[in-house]
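Below is one structure; the comments refer to it alone.
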Amino acid sequence: MSNQTERRVEDLLSRSKLSTNDSASSSNVSMRQSLPSTSSSVVEQPADIDKEKLSSQLRNLQNSRKMTPSARSMQSFREKLPAFNMREGFLKAVAANQVLVISGETGCGKTTQLPQFILEEEIDNLRGADCSIICTQPRRISAISVATRVASERGEELGETVGYQIRLESKRSAQTRLLFCTTGVLLRRLVQEPDLVGVSHLLVDEIHERGMNEDFLIIILRDLLPRRPDLRLVLMSATINAELFSKYFGDAPIMHIPGFTFPVTELFLEDVLEKTRYKIRSECDSSAGSSRKKRFSSVKSDPLSDLFEDIDIDKEYGNFSITTRQSLEAWSADKLDLSLVESTIEYICRYEAEGAILVFLTGWDEISKLLDKIKGNTFLGSSNRFLVLPLHGSMPTVNQREIFDRPPVDMRKIVLATNIAESSITIDDVVYVIDCGKAKETSYDALNKLACLLPSWISKASAHQRRGRAGRVQAGFCYRLYPKVIHDAMPQFQLPEILRTPLQELCLTIKSLQLGAVSSFLAKSPQPPDPLSVKNAIELLKTIGALNDMEELTSLGRHLCTLPLDPNLGKMLLMGSVFQCLDPVLTIAAALAYRNPFVLPIDRKEEADAVKRSFAGDSCSDHIALLKAFVAWKEAKCSGRERSFCWESFLSPMTLKMMDDMRNQFFDLLSDIGFVSKTRGVKAYNQYGSDLEMVCAVLCAGLYPNVVQCKRQGKRTAFYTKDVGKVDIHPSSVNAFVNQFPLPYLVYSEKVKTASIYVRDSTNISDYALLLFGGSLIPSKTGEGIEMLGGYLHFSAPKRTIELIQRLRGELDKLLERKIEEPGLDIFSEGKGVVAAAVELLHSH
DNA sequence: GAGCACTGC
């Protein structure tokens, strides 16, 4: 630090009123209850409405609508669904049992019919005014589409008695009696209203998927039921694990509804090879006589792959041709043979009847390589008879109509997809499914506090779901490119999400719902998470100051509970509002909380990378690139060039729109907890919004303890983190292949192990940013300098500088503490000197 | 020195 900077910082600090006013920060200020004032999720009942009158009105309306011609044709459609025959039995079971488990396969109509049966019954029995039925869905799209379907079956406009509510979007009214919402929306409602007062029936759909929200909801509900004896709970699951949920709810009765789908013929690898005569060539040169096991031993295998490599092919597959047996000998369970996929597609296209083909692959790279192969294929690539479409969550094709549309006659649609086509996107005209049997799956390594994203064998449940994608409109075929013995050894279902992800957000919510000690609450889960994962989450919450040493919520923690965000991102928002750079921080937090707006086009990825880098400029920051892209989008939108801008800049307009809406939601929530005033607007909290040093410092405050040390090694830089040591910058980052960084640290939003351990989005920051906005400062045991992150980071400087930094940091912490205790106080004007001193220091590197 | 499963408040 230069003498000049030091003097200016000292001067600014001494002029600050706050530094002479210690008593204020320690005063026992009464806590503001931080319950949001918005209650949009609660149905507002006119207080003095005559309930009897309303109930009979609802019945008359329902009866009259049944008589219209369109309702009659709807009714005859409904009567064909397998669920229809179960109507009376189902309603009786609901009346007689507090909890009921429904098992049913796709096509049985459980999602659209069961909630509707309850609604009809309640209205018929003149309980329409008192009933409030909620049906949760794991995904936004399904909440909307199911609600739309049910409303039309009832001959109503959406939003009358049937409505939906998802984040930032709802169609409902005071008349709404059946609400489809995402599980996340219901969980947020529970935070405000732990007993779900007014809800008469709750149906939780798709619980077999074992999503984190659904598992969490189920634990809460089991505790809630005794307090709400009048509440009826219906759990809807695929047949595969209905038993587990029944047991969890004290042997609740299970009712099975048969499904209806067209038959799908399945072929396994051995059958496919026999049929197509494709010859698999071994990757490595295997000398005759050497076992396959030996040949692959260098590759780290999984139990399922090992299992196959131990099999004596000639003995096990004696009925198959010699070429098939040779191919099975050469087949590798570890690496997908894309030529096999290609030749299977070609076989179907040459010899089988018409119908779209859906290929399940694991990721971007496989899709891209297979697409190239198909383009180069003499049969598939050289005519206009084939429409080949990549389908990946981050590809620009994901929202294009042609995925769903039927192609012109004489043209066959071939979709190369990831898991997205397993449940999120449904393509009706698929007749052939080709399944590679694997998917990229997250797991959580609690020992190294590391999220992993690695390809692994799917479960039998997933394999079944993928197969079912071929039988939606007619009888279909499923080509499984793995042997039957592997299929038979697959796990029944995937591990629940609660065992595969970091738990900090969940733990914070448990705290805010006052559900007792986090670990004892989570022990009640159908499959409890590893105690070490829970410990890691609690430790992180302590590190960022959301919990104290007693594991109690701090004031900061209480604020974070009200923000529907990862606690780190919530803290980033609060810091952005306190330190006057709210506008950029709203954008960055929205992007990190939702998804990256940059798309990954398959054929122009170099251009896409270049555009992203140009947004970043010389900031060495992916977060700043996001920010600049969003600002440029806003400008383009105002001047009516949104479409061309997004196309040229490789940005997703839908993601940007969602980010924009989320920014508004965050601002409203910050206003609810008193950090900002809605009437004053974002601009009133944005004095340093254009000061990138300050923005990056706030990023540091939010992302801490996600810190990387950059260490020069010759011409290159090596990167290290406390938890796992050496890491790499993800090649998609604007910081990838930067040899020399201007500043010594990076903060990152996500660290994932794939082929290597990668930091995905990062921002280069100075030691001053870390010292002022990072973790708490601890004097070095050696006497010289300061430490952070449990001694992992060490800062040395002259004593005088260290003291000055510590003093400034102390003032900043006090300022923040006061603001958190009393969000409404305008301490910014009071703390001007402290903030100005911090800004001075941040600019001095 | 080379890669990006999918949801949700």
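The values are calculated or read from the model by the stated rules, or taken from the named source; none is laboratory data. Computed from a predicted model, the values in this text were never measured in an experiment. Methodologically, a virtual Cβ is constructed for each residue, glycine included, from the backbone with ideal geometry; neighbour enumeration extends over all protein chains shown. Each accessible area value is taken on the protein alone, full model and side chains, heavy atoms only, with ligands, DNA and RNA left out. Shrake-Rupley method; radii C 1.70, N 1.55, O 1.52, S 1.80 Å.
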Filter region A:412-424 down to the residues that are in contact (Cβ under 8 Å) with a residue 60 or more places away in the chain and farther than 25 Å from A:Asn596 by Cβ, then identify the one that is nearest to DNA strand B (Cβ to nearest atom).
A:Ile414
Of the conditions (1) touching a helix residue (DSSP H, G or I) at 6+ places or on another chain (Cβ under 9 Å); (2) away from DNA strand B (no atom under 13 Å from the Cβ), A:Asn448 satisfies every one except a single condition; which number is it?
(1)
Restricting attention to region A:235-268, which residues are among the aromatic types (Phe, Trp, Tyr) and open to solvent by less than 60 Å² (accessible area, probe 1.4 Å)?
A:Phe245, A:Tyr248, A:Phe249, A:Phe268
Can you list residue pairs whose Cβ atoms sit under 8 Å apart, with the first residue in region A:807-818 being in a helix (DSSP H, G or I) and the second being aromatic (Phe, Trp, Tyr)? Count only pairs 6 or more apart in sequence or on different chains.
A:Leu812/A:Phe773
Filter result (open to solvent by 30 Å² or more (accessible area, probe 1.4 Å), of a type outside the set (Gly, Ala, Ser) and out of contact with any His (no Cβ under 8 Å at 6 or more places or on another chain)) within region A:457-486:
A:His464, A:Gln465, A:Arg467, A:Arg472, A:Val473, A:Gln474, A:Phe477, A:Lys484, A:Val485
Evaluate region A:358-376: report whether one residue or more is of a type in the set (D, E, K, R), away from DNA strand B (no atom under 16 Å from the Cβ) and not in a helix (DSSP H, G or I).
no
Output the strands (runs of 3 or more DSSP E) that fall wholly within region A:622-729 and possess 3 or more residues being open to solvent by 60 Å² or more (accessible area, probe 1.4 Å) and over 30 Å from A:Lys832 (Cβ atoms), or say none.
A:707-713
Among the residues of region A:381-411, the number that are farther than 17 Å from A:Thr655 by Cα, aliphatic (A, V, I, L, M) and either more than 14 Å from DNA strand B (Cβ to nearest atom) or assigned to a loop (DSSP other than H, G, I, E, B) (or both) is 4
Working only within region A:569-600, note down all residues that are in contact with a Ser or Thr (Cβ under 6 Å, 6 or more places away or on another chain) and either acidic (Asp, Glu) or more than 11 Å from DNA strand B (Cβ to nearest atom) (or both).
A:Pro597
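The rows are residues; the columns are (1) at pLDDT 95 or above; (2) in a helix (DSSP H, G or I).
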position	(1), (2)
A:Asn568	yes, yes
A:Lys571	yes, yes
A:Asp583	yes, yes
A:Ala591	yes, yes
A:Asp603	no, no
A:Glu606	no, yes
Considering only region A:497-528, state which residues are within 16 Å of DNA strand B (Cβ to nearest atom) and farther than 20 Å from A:Asp549 by Cα.
A:Glu497, A:Ile498, A:Leu499, A:Arg500, A:Thr501, A:Pro502
Residue by residue through region A:109-138, note down the ones that are among the polar types (S, T, N, Q) and either outside the structural domain of A:Arg188 (by TED's automatic domain parsing) or away from DNA strand B (no atom under 16 Å from the Cβ) (or both).
A:Thr112, A:Gln113, A:Gln116, A:Asn125, A:Ser132
Can you pull out every residue in region A:410-428 that is under 11 Å from A:Val359 (Cα atoms) and open to solvent by 10 Å² or more (accessible area, probe 1.4 Å)?
A:Thr418, A:Asn419, A:Glu422
Taking the residues in region A:770-791 that are touching a residue at least 40 places away in the same chain (Cβ under 8 Å) and in contact with a strand residue (DSSP E or B) (Cβ under 8 Å, 6 or more places away or on another chain) as candidates, determine which candidate is nearest to A:Tyr720 (Cα to Cα).
A:Leu789
Scan the helices (runs of 4 or more DSSP H) fully inside region A:183-263 and keep the ones with 2 or more residues being within 16 Å of DNA strand B (Cβ to nearest atom).
A:183-192, A:212-224
Answer yes or no: is there a residue in region A:167-180 that is assigned to a helix (DSSP H, G or I) and either under 28 Å from A:Met659 (Cβ atoms) or open to solvent by 50 Å² or more (accessible area, probe 1.4 Å) (or both).
no
Any residue at all in region A:769-778 that's modelled with pLDDT of 95 or more, open to solvent by 20 Å² or more (accessible area, probe 1.4 Å) and either assigned to a loop (DSSP other than H, G, I, E, B) or away from DNA strand B (no atom under 16 Å from the Cβ) (or both)?
no
Residue satisfying all of: in region A:90-106; assigned to a helix (DSSP H, G or I) and more than 28 Å from A:Gly468 (Cβ to Cβ); least open to solvent (accessible area, probe 1.4 Å) among these
A:Leu91
Pick from A:Asp549, A:Asp609, A:Asp566: which is open to solvent by 30 Å² or more (accessible area, probe 1.4 Å), closer than 23 Å to A:Gly774 by Cβ, within 15 Å of DNA strand B (Cβ to nearest atom) and of a type in the set (Asp, Glu)?
A:Asp566
Leading residue by the ranking (most open to solvent (accessible area, probe 1.4 Å)) among those in region A:820-833 that are assigned to a helix (DSSP H, G or I) and at pLDDT 90 or above:
A:Glu821
Filter region A:139-166 down to the residues that are more than 10 Å from DNA strand B (Cβ to nearest atom), in a helix (DSSP H, G or I) and open to solvent by 40 Å² or more (accessible area, probe 1.4 Å) and list them by number.
A:Ser145, A:Thr148, A:Arg149, A:Ser152
